[in-house]
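Below is one structure, written out as structure tokens; comments come after it.
The values are calculated or read from the model by the stated rules, or taken from the named source; none is laboratory data. A quick note: this is a predicted structure, and the numbers were derived from the prediction, not measured. Quick reminder, even Gly has a Cβ in these numbers, built from the backbone with ideal geometry, and neighbours come from all protein chains shown. Areas reflect the complete protein model, heavy atoms only, side chains present, ligands, DNA and RNA absent. Shrake-Rupley method; radii C 1.70, N 1.55, O 1.52, S 1.80 Å.
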Amino acid sequence: MQRIPMWAQAGFWGLVAGYKFDVPRRLITAIMAFGSGVLISALSFELIAEAYDRGGFNSMAVRFLGGAAVYTVANWMLSRKGAILAMLVDTMIPEAFEVAHDFAGLITVAGFLAAFALGKLGG
């Protein structure tokens, strides 16, 4: 008998947890935004890898998170005036943006950074 694939195990336990426990909407939103950051990392891995190679992890991480923070503040300021800054999170996972608003982008970037760091640790 073949071993059960990891994706099937994760899906099963996610289904059990979702059925058995009342998971707060805000936690679901944070997980979705984090996951989208991991997916975005697959798209732009080469760009971040080049920044990592040129400046090291600390330099890359500070600038990456700094850019996300500037973006979050700009989005917050514009949204107070009635405008919404067009962002990837808004189009990819509107449910996350609807609940987390301005912080969905920052959570997404944190997911991307975690995926990149884990990728570098793994070799």
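Can you tell me the order of 16-26, 106-116 when each peptide is scored by its average per-residue count of other Cβ atoms within 10 angstrom, highest first?
Most protected by this proxy first, the peptides run 106-116, 16-26.
From the phi angles alone, apply the Karplus equation (6.51, -1.76, 1.60; θ = phi - 60°) to the stretch 62-75 and give each ³J(HN,Hα) in whole Hz, x where the residue is Gly or Pro.
Rounded to whole hertz, the list is 4, 5, 5, 5, x, x, 5, 5, 4, 4, 5, 5, 4, 5.
Among Leu27, Leu121, Leu39, what's the order by accessible area (1.4 angstrom probe), most exposed first?
Leu121, Leu39, Leu27
For the residue pair Glu46 and Asp22, what label-to-label distance in nm results when each label sits 7 Å from Cα along the Cα-to-beta-carbon direction?
4.9 nm
Of the listed peptides 68-76, 28-36, 56-64, 3-11, what is their order by residue-averaged count of other C-beta atoms within 10 Å, with the highest listed first?
28-36, 68-76, 56-64, 3-11
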